[in-house]
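J.: Have a look at the structure that comes next, please.
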Amino acid sequence: MAKTGTTTQGLRAAIERSGYYPALVAEAVEAAVGGEPVVSYLVHQETTFDSNEVRRHVTVLVLTGTRFIVSHTDEQAADGTSPSPYATTSTESVKLDRISSVVLSRVVANPEAYTPGTLPREVVLTIGWGAVSRIDLEPAACGDPNCDADHGYTGSSTADDLSLRVSEAGDGPDTVRQTLAFAQALSEATAATAATAR
């Protein structure tokens, strides 16, 4: 379930509606937001299957006038470190001028018949700010098929701090719309921040 909106009260209500440890999640998010007005937010709860366990987690994205805040809460089963189940919550606050990329990938059915405004079947929102990078390397080669010299490696580095996938089938059309709205608000905010920095 995902919810998006523009007020602090709406953010709290969306966290409560998610039903996923709302007191814990809300406290962590509100502490990170502080007194800043909320411009936009997205609350996304996801259930995953890990071996024989069902695990839930929630991600809360908040946009303020100066920062992007991401909060993630996971539940864990009892293990060697804890005799009872527990939850782990983390929040990160990123200045808008540190966001290096906002990537929105859309999956559209029947692209030959696409009409502007049609809801994508699935979207993946990837946000990068330099905390985590992925490096993909492969052996470099030259154009000579008979060459056996070592040409070193070639590759690419990709900012991959946060990736959130929502689908119409799994999360519902409202969730897809809300993710699109949050992505647009974040893109506009980072563009405005970059323009004022010039």
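J.: Specify the angular offset, from 0 to 90 degrees and rounded to the nearest 10, of the alpha carbon long axis of helix 173-197 from the longest principal axis of the alpha carbons in the chain.
T.: In the chain, helix 173-197 runs at an angle near 70 degrees to the longest axis.
J.: Quick check: residue separation of Asp74 and Asp174 times 0.36 nm, minus the Cα distance between them. What number comes out in nm? Please list the in-between numbers first.
T.: Working: separation 100, 0.36 × 100 = 36.00 nm, distance 2.35 nm.
Full-extension gain reported as 33.7 nm.
J.: With each pseudo-label sitting 7 Å past Cα toward Cβ, what's the His57-Thr193 distance in nm, one decimal?
T.: In this crude spin-label approximation the distance works out to 2.3 nm.
J.: Then there's this: For the chain, what relative contact order do you get, as a whole percent, if you take Cα pairs closer than 8 Å and at least 6 residues apart? Can you show the working numbers first?
T.: Values: 363 pairs, mean separation 35.0, N = 198.
Result for the chain is 18 percent.
J.: A further question on this structure: About its Cα centre, how strong a charge dipole does the chain have in debye, to the nearest 20, once Lys and Arg get +1 and Asp and Glu get -1 at the Cβ?
T.: About 860 debye.
J.: Let me see the P(r) profile for the chain: every Cα-Cα distance counted, bins of 10 Å, each bin given as a percent of all pairs.
T.: The calculated distribution, bin by bin, is 8, 29, 31, 19, 9, 4, 1.
J.: Can you give the accessible area per residue of segment 10-132, in Å², using a 1.4 Å probe? Each step should come with its number before you reach the end.
T.: Details: 6390 Å² over 123 residues.
Per residue, segment 10-132 has an accessible area of 52 Å².
J.: Select from Leu61, Val123, Ser51 the residue farthest towards the positive end of the dipole of segment 51-198; place +1 on Cβ of Lys and Arg, -1 on Cβ of Asp and Glu, and compute about the Cα centre.
T.: After comparing all options, I get Leu61.
J.: Sticking with this structure for a sec: Restricting everything to alpha-carbon atoms, can you work out Rg to Rh for segment 1-97 with a Kirkwood hydrodynamic radius?
T.: My calculation of the ratio gives 1.02.
J.: Roughly speaking, to the nearest percent, how much of the chain's 1.4 Å accessible area is carbon and sulfur?
T.: With neighbouring chains kept in place, the figure for the chain is 51 percent.
The values are calculated or read from the model by the stated rules, or taken from the named source; none is laboratory data. Predicted model, so just to flag it, every value in this text is computed and none were measured. Cβ coordinates were reconstructed from backbone atoms using ideal geometry, including for glycine residues, and neighbour counts include every protein chain displayed. We work out accessible area using only protein heavy atoms, side chains counted, and drop any ligands, DNA or RNA first. Shrake-Rupley method; radii C 1.70, N 1.55, O 1.52, S 1.80 Å.
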